[in-house]
Amino acid sequence: MTTFTNFVIIHNCLAGFGIGFIFFLPIVCGWSYFPTFKPFVGGAILSWGSLSDLWWYTMARKILNPKGETPSIEILTPDGLERYWEADSP
């Protein structure tokens, strides 16, 4: 990848391909097991897949910052207050 445009195109194509597998295959399997509840099964799988992001976010915060420490460096910018950790913080 030599340009940013190539990166964006390849990244978006691969992301779309992956999301298609993540959501489409479970929906088709659910539809085959529950053919009379297709709207419910499709909606449930899509909503559960989207809500799982909240769980992963919580787990990542607990792994990366288990003590719940706050950043020690505060910089006021035109966009608002930005907070950073010191370079030697644990």
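Return the ratio Rg/(2.2 N^0.38 Å) for segment 4-84, where Rg is computed over Cα atoms only.
Cα Rg divided by the expected 2.2 N^0.38 Å: 1.69.
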Query raised in the report: Can you tell which of A44, A60, A15 shows the greatest fluctuation in a Gaussian network model of the chain with Cα springs below 10 Å?
Result: A15
Query raised in the report: Mind ordering 52-58, 27-33 by average Cβ neighbours within 10 Å, highest first?
Result: 27-33, 52-58
Query raised in the report: Which net charge results for the neighbourhood of E69, defined as the other residues with beta-carbon distances under 12 angstrom from its beta-carbon, given Lys and Arg at +1 and Asp and Glu at -1?
Result: +2
Query - Crossing angle, helix 4-33 versus the chain [Cα axis fit, 0-90 degrees, rounded to tens] - result: 40
Query - the chain - percent relative contact order, Cα under 8 Å, separation 6 or more - result: 13
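Where a number appears in this text, it was derived from the coordinates with a stated rule and is not lab data. This structure is a prediction, so every number in the text was calculated from the model and none was measured. With ideal geometry, Cβ positions are generated from the backbone for all residues, glycine too; neighbour counts draw on all protein chains shown.
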